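The values are calculated or read from the model by the stated rules, or taken from the named source; none is laboratory data. Model, not experiment: these values are computed from the prediction. Don't worry about glycine lacking a Cβ; one is built from the backbone with ideal geometry, like all the others, and counts go over all protein chains shown. The accessibility values were calculated without ligands, DNA or RNA, using every heavy atom of the protein model including side chains. Shrake-Rupley method; radii C 1.70, N 1.55, O 1.52, S 1.80 Å.
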Amino acid sequence: MSVPEGKPRKQIVLGAHLPGVNHHTVWQDPAAGSQIDVKSFAHLARTAERGFFDLFFLAEGLRLREHAGQIYENDVVGRPDTFTVLAALAGVTDHLGLAGTVNTTFNEPYELARQFASLDHLSGGRAAWNVVTSFDAFTAANFRRGGYLDRSQRYERAEEVLIAVRALWDSWNSGDVPADSATEQFLARHGVGEFDVRTNQFDVRGRFNVPRPPQGHPLIIQAGVSDQGREFASANADAIFSPFRTLADAVPFYRDVKARAVRHGRLASDIKILPSAGVVLGDSAADAQEKARELTHRQVSPATALALAEQVWNRDLSQLDPEGPLPEFDADTTSPPRWRGRAIHDPDLNAVVARWREVAARGGLNLRETVIEVTARATFVGTPTAVADQLDDFVQHDGSDGFILHPPVVPTGLDEFVDTVVPLLQERGSLRTGYTGTTLRENLGLSPARAAQPA
Amino acid sequence: MTRRTPASRPDSRRRPVPETLHLSAALESTGWHPASWREPGSRAGELFTARFWADTVAEAERGLFDLVTVEDSFGLQGSGFGPPDDRTDRVAGRLDALLVAARLALVTEAIGLVPTVSTTHTEPFHVSKGLATLDHVSSGRGGWRAQVAARAHEAELFGRRSIPAVTRETLQDPAVVAVVEDLFAEARAVVDTVRALWDSWEDDAVVRDVATGRFVDRTKLHRVAAQTPWFSVLGPSITPRPPQGQPVVTALAHARTAYEFAAASADVVFVTPRDAQDARAVVAEVRAAEAAVGRRGVPLQVHADLVVALAADAAQARNRLDRLDSADGEAFTSDALVVADSPAGLVERLLLWRDAGIEGFRFRPAVNATDLPALVDEVVPLLQSAGAFRRAYTGATLRDHLGLARPANRYATV
Ligand SMILES: Cc1cc2nc3c(=O)[nH]c(=O)nc-3n(C[C@H](O)[C@H](O)[C@H](O)COP(=O)(O)O)c2cc1C
């Protein structure tokens, strides 16, 4: 009954996010392992592949986060290099897509094109790139370039990076390496790899030195929901990482992005919409709810509640009782942010304050409870059967094409989901029972990348 | 920025002849001879697949080699120092060496993995975390061949600086010399900064203290605050200190500027002597470079590069090379000595060079498919019989293989 009448059943796309630097990761859990040891990454990736997931996803942060001028100690701190981890994981997985978040401001197109093309070759066509532009001069302190780029220039640069990177990927045709000793041709033609890209921000030319990747173009993922972001994504991206977790919010977004993609001459099915989602499982509905409550209280300790509130009020709240009422004063919108290095900022702090007040008043909540309520991410809570229903309904009703799951415990946090929910989704016919393609692009049912122009 | 390496005095004395040679293989496509791809078994059509690299490094690991290096460059291969040429009958194209090395990490067990990474165009912060992560994913087997990218056409691929074209004729030109000196000075600053970033987390920075709710102890994380004429980096790294403390840094060097770069920055230098007497002179030059840059701590380990083409006897080996040369249409030349010989002849030469102060050899197989198995199955056993090479891996990390201690952290308070 979960498929709307007259519609074919959609296949659910699943991604596994190894969460690192954020307050959702419960590193205090007795089962929590290393956040750096490759065994953690390999365990989660293999579990995801065992559950027929499409991809494995890593976020990025290029400077340790600071709070009131000091490195923030309470969340996970530190992460490994994305390309290096994904390349290593290609050695212990066979089908799983390997998606890395990599910034366009602090990287050069030639290197980005090489790294993603290399990852695609070394994984047999499983590379994906989540293109992000954050952050600011704070992160730029670790790099020679980028600090002077304001917000609009960062997006301009991002678009131009993508143009340049695609030109590089297209500079080799798929048949360019016959490697035929009989005809003495390693290369099929003269001038492979030639490119010449001149944009406002780039003046790069020469010959690219990586043959065309197996997917043609590694997948492009975009995270962001502004009008500018939607346009960029519907024209360019193969997947969108979205924040909407209720059907009421998600369906209009889904329709809008798919319609834009069609206007850009693409198939609606060529862009996958994947909200990030948490799952909490229990033996009964009540048990799952209790576990979810426990989880959120572990994620938002009193200290974390205060820290997150300081992020919104942008003031020192250390004298406040986290189990007491919300501060009565407004946010400090003139001082520089107390928090540095967080990915997602709402520029209008007092609008956030107003929203928090509303949530608190409605539920009669104290500060900590309010923080839990507004930052909670465990979207799908229940028995395995109930969660399978919820996930399936969400997708079949066009809330999304699937989900990026972020287990709060690394690396075993997906084990139970894969053991219990995955078989139920398979029974419903909503999740594959085998990988059908060899590349990520094929497994997702995306159209092939636009072929390179013949020379 | 100040250099703080483990303190001890510079060592210009000859060390005792090592009992154990260090052996490594330099992985360059299907081999170093430009016609190698045409040989039977070369698997040239698989050059851009993981399986090709996994099988190649497995062979080197079967030979108990200390490490493999993975060659790289930003530019498409061509002849000489200039831009790529129009030949279609030679291997062109390569994968990013750091990613290749990382791809090998979980399918190998003991061998060191040493990719070539540029000091010229890549952000030091990225270099640092990439190599630190290689060390993490390989459980302490990561290294770095730090390479200056001095080619004009490579700079154009990036478009953010221009480097004048260097030819054999302009090599002595004072303007060109100044550019090269500047690139090497930058390379020293890059290695210094990368090493400082590796140290920017003390070994015990992650405390995971449930009682206080602290994941990390921020007093054990350190700013690097490198300000150089070429770049600046604040730090600390985003990546915890690698298992080896610092991955092993290597550099290939042929002349004074590069010897001094290696002496200031590297743990191992790859050199290219022509014979035993030259080897002795090169080692002396390396020691002089160490004195000139005021190197402190452990002396540079000097390994010699050799291109090898092996066969049952020297004449047959020579024939093999001639055949390859005629397939390519040109006589193969190299910065390193090209040895066409029998395994026994090669071993005789290795032992002579060892007596001249060379501590290890980096073999560049002329044809991977032929010469790598010959090294493993014939050269290695001869060296083992001579008591010059290990019979099993005894350590777990690349530093263990090389006999290099794990460096103390410059920021740690004792
Ligand atoms: C779901 C989601 C995940 C994101 N993950 C990251 C990330 O891992 N690293 C990062 O630098 N930015 C990340 N971002 C930030 C965005 O990609 C985007 O670059 C940023 O919101 C743009 O900032 P600005 O428009 O406020 O300047 C993420 C955004 C969303 C919506």
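Quick grid of which residues meet (1) among the β-branched types (Val, Ile, Thr); (2) touching a helix residue (DSSP H, G or I) at 6+ places or on another chain (Cβ under 9 Å); (3) over 22 Å from B:Val249 (Cβ atoms):
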residue: B:Gly41; (1), (2), (3): no, yes, yes
residue: B:Ala44; (1), (2), (3): no, yes, yes
residue: B:Phe48; (1), (2), (3): no, yes, yes
residue: B:Thr56; (1), (2), (3): yes, yes, yes
residue: B:Val68; (1), (2), (3): yes, yes, no
residue: B:Gly75; (1), (2), (3): no, yes, yes
residue: B:Gly82; (1), (2), (3): no, yes, yes
Check: Among the residues of segment A:354-365, is any within 27 Å of A:Gln28 (Cβ to Cβ), part of a loop (DSSP other than H, G, I, E, B) and either polar (S, T, N, Q) or in contact with a Ser or Thr (Cβ under 6 Å, 6 or more places away or on another chain) (or both)?
Finding: no
Check: Among the residues of segment A:300-317, how many are open to solvent by 50 Å² or more (accessible area, probe 1.4 Å) and either within 16 Å of the ligand (Cβ to nearest atom) or away from every other protein chain (no Cβ under 14 Å) (or both)?
Finding: 2
Check: Restricting the search to segment A:216-233, which residues are closer than 26 Å to A:Ser171 by Cβ and either free of Cβ contacts under 8 Å to residues at least 60 places away in the same chain or more than 12 Å from the ligand (Cβ to nearest atom) (or both)?
Finding: A:Gly216, A:His217, A:Pro218, A:Leu219, A:Ile220, A:Ala233
Note to self: Looking only at segment A:40-73, filter to residues that are open to solvent by less than 30 Å² (accessible area, probe 1.4 Å), more than 11 Å from every other protein chain (Cβ to nearest Cβ) and within 16 Å of the ligand (Cβ to nearest atom); which one of those is farthest from A:Asp415 (Cα to Cα)?
What the structure shows: A:Leu58
Note to self: Let me spell it out: the conditions are (1) open to solvent by less than 10 Å² (accessible area, probe 1.4 Å); (2) within 16 Å of the ligand (Cβ to nearest atom), and A:Leu149 meets all of them except one. Which number is the exception?
What the structure shows: (1)
Item checked: Candidates B:Ala374, B:Ala344, filtered to the one that is open to solvent by less than 30 Å² (accessible area, probe 1.4 Å) and aliphatic (A, V, I, L, M) -> B:Ala374
Next item on the list: Go through segment B:130-168 and give me each residue that's within 18 Å of the chain's Cα centre (by Cα) and within 11 Å of chain A (Cβ to nearest Cβ).
Entry: B:Gly130, B:Leu131, B:Ala132, B:Thr133, B:Leu134, B:Asp135, B:Ser138, B:Gly142
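Condition check ((1) within 16 Å of the ligand (Cβ to nearest atom); (2) within 23 Å of the chain's Cα centre (by Cα); (3) open to solvent by less than 20 Å² (accessible area, probe 1.4 Å); (4) of a type in the set (S, T, N, Q)) across all residues:
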{"site": "A:Pro337", "(1), (2), (3), (4)": "yes, no, no, no"}
{"site": "A:Pro347", "(1), (2), (3), (4)": "yes, yes, no, no"}
{"site": "A:Val353", "(1), (2), (3), (4)": "no, no, yes, no"}
{"site": "A:Ala376", "(1), (2), (3), (4)": "yes, yes, no, no"}
{"site": "A:Asp393", "(1), (2), (3), (4)": "no, yes, no, no"}
{"site": "A:Asp401", "(1), (2), (3), (4)": "yes, yes, yes, no"}
Note to self: For segment B:106-117, check the following and say yes or no: at least one residue is free of Cβ contacts under 8 Å to residues at least 40 places away in the same chain, at the interface with chain A (Cβ under 8 Å from one of its Cβ atoms) and within 15 Å of the chain's Cα centre (by Cα).
What the structure shows: no
Next item on the list: Just name the residue that is farthest from A:Gln215 (Cα to Cα) out of those in segment A:119-138 that are more than 16 Å from the ligand (Cβ to nearest atom) and in contact (Cβ under 8 Å) with a residue 60 or more places away in the chain.
Entry: A:Leu119
Check: Taking segment A:74-118 on its own, how many of its residues are open to solvent by 10 Å² or more (accessible area, probe 1.4 Å), free of Cβ contacts under 8 Å to residues at least 24 places away in the same chain and not in a loop (DSSP other than H, G, I, E, B)?
Finding: 1
Next item on the list: Quick one: A:Ala360 ticks every box in (1) in contact (Cβ under 8 Å) with a residue 12 or more places away in the chain; (2) small (Gly, Ala, Ser); (3) within 16 Å of the ligand (Cβ to nearest atom) except a single one, so which number is it?
Entry: (3)
Next item on the list: Kindly indicate whether any position in segment A:240-255 is modelled with pLDDT of 95 or more, of a type in the set (Phe, Trp, Tyr), in the same structural domain as A:Ser118 (by TED's automatic domain parsing) and surrounded by 22 or more Cβ atoms within 10 Å (Cβ to Cβ).
Entry: yes
Next item on the list: Could you run through segment B:291-309 and say how many residues are outside any loop (DSSP other than H, G, I, E, B) and open to solvent by less than 10 Å² (accessible area, probe 1.4 Å)?
Entry: 8
